[in-house]
Each structure stands twice: as structure tokens, then as C-alpha cells.
Amino acid sequence: MLTEELSNPASTISLSSENISNRQRAKMNKHANRQATPALKHFNDNSSSFQMKQGFFSTLTVPFILQLAFMVFVASFVMHVQVATRFLSVSPPIYWYASHLMESSAGFKLGYIIWTVFLSYVFFGSLLFSNFYPFT
């Protein structure tokens, strides 16, 4: 078989050109897969086409927002203010919303204020807690 390929150079050229085109296709597919994220992939069915939103308003954030709503409900009726602030400060949607505001040009100032409050809470809370003072 090897002697047949060597005796017929046209077959080796066609095989190598096929191999190059397969390599190019594989590179293009790899590059396209790298750029596509799960939130941006299209679902194409014969009857419908739909695209998921990206960012804070994505449907992937719904469970986290429902969890935050439940936590706020429980904290409102059962917890003291100091415990509730610690309890609610670990919820990701609060920080996602502040980041969303920082990205938008209209809410940049409000997002900056929210992040300043978050960082000052961490700084002053750590400082006061280590000196045995209440910080909430």
C-alpha cells in the first residue's frame, strides 16, 4: 500500500489537500466553540428559535433571586437587624446587580456608591470586630 501511494503522487497530493481542509474546518469549529458561551448559544428547532439573555437578567439567575427573596422574607420576620445584615450580605444577586449598574453608563454613579458602601462595610467591620465593637 505504501508503494502504491509513493508510485502515484496525485493520490498523496489529494490526501494532503483533504487533510488540510479537515484541519482548517477543525480550527474553525474550535474557534467558534471558544467564542460561544452557554448563555449565547442558539437553540434552533424546526418550529421555534430562541436566545437566552446574558448577564444579570439571564434566566440562569432566577434561582438565586428566588433564594434572596426567601431570605429577605425570613430576615424581615424572624431576625434582628444585625443578624439580617450579615445573613443577606452573602447573597450573590446583590453584588451582581451592583456590577450590572457599574457596566451601564446610566447607573455608573449608583453602582460606584454601592461598591463603596460594600467595601467600607468590610473594612470598618473588620476593624471594629477585631477591637470587640459591634459593627452592624
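The values are calculated or read from the model by the stated rules, or taken from the named source; none is laboratory data. Bear in mind the structure is a predicted one, so any value in this text is a computation, not a measurement. Positions of Cβ are backbone-derived with ideal geometry, glycine not excepted, and every protein chain shown enters the neighbour counts. Areas reflect the complete protein model, heavy atoms only, side chains present, ligands, DNA and RNA absent. Shrake-Rupley method; radii C 1.70, N 1.55, O 1.52, S 1.80 Å.
For region 105-136, which residues satisfy the criterion of being exposed (fewer than 13 other Cβ atoms within 10 Å of the Cβ) and either in contact with a strand residue (DSSP E or B) (Cβ under 9 Å, 6 or more places away or on another chain) or not in a helix (DSSP H, G or I) (or both)?
Ser105, Ala106, Asn131, Phe132, Tyr133, Pro134
Are there any pairs with C-beta distances below 9 angstrom linking a residue in region 68-96 that is aliphatic (A, V, I, L, M) to a residue that is open to solvent by less than 100 Å² (accessible area, probe 1.4 Å) and not in a helix (DSSP H, G or I), with the two at least 6 apart or on different chains, and if so which?
Close Cβ pairs satisfying both conditions: Leu68/Ser91; Met71/Ser91; Val72/Ser91; Val81/Thr136; Val83/Thr136; Ala84/Thr136.
Could you please tell me which pairs satisfy a Cβ distance under 6 Å, a separation of 6+ or placement on different chains, a first residue in region 114-136 that is over 17 Å from Met102 (Cβ atoms), and a second residue that is open to solvent by 100 Å² or more (accessible area, probe 1.4 Å) and part of a helix (DSSP H, G or I)?
Phe135/Phe129
Going through region 86-104 one residue at a time, which ones are within 19 Å of Phe135 (Cβ to Cβ), among the aliphatic types (A, V, I, L, M) and open to solvent by less than 90 Å² (accessible area, probe 1.4 Å)?
Hits for region 86-104 are Leu88, Ile94.
Considering only region 36-52, I want to know if a residue exists there that is surrounded by 13 or more Cβ atoms within 10 Å (Cβ to Cβ) and either at pLDDT below 85 or of a type in the set (Asp, Glu) (or both). Before you say what the answer is, go through the steps one by one.
Going residue by residue through region 36-52, those that are surrounded by 13 or more Cβ atoms within 10 Å (Cβ to Cβ) are 39, 52.
Imposing the further condition that a residue be either at pLDDT below 85 or of a type in the set (Asp, Glu) (or both) reduces the set to 39, 52.
The answer is yes; a qualifying residue exists.
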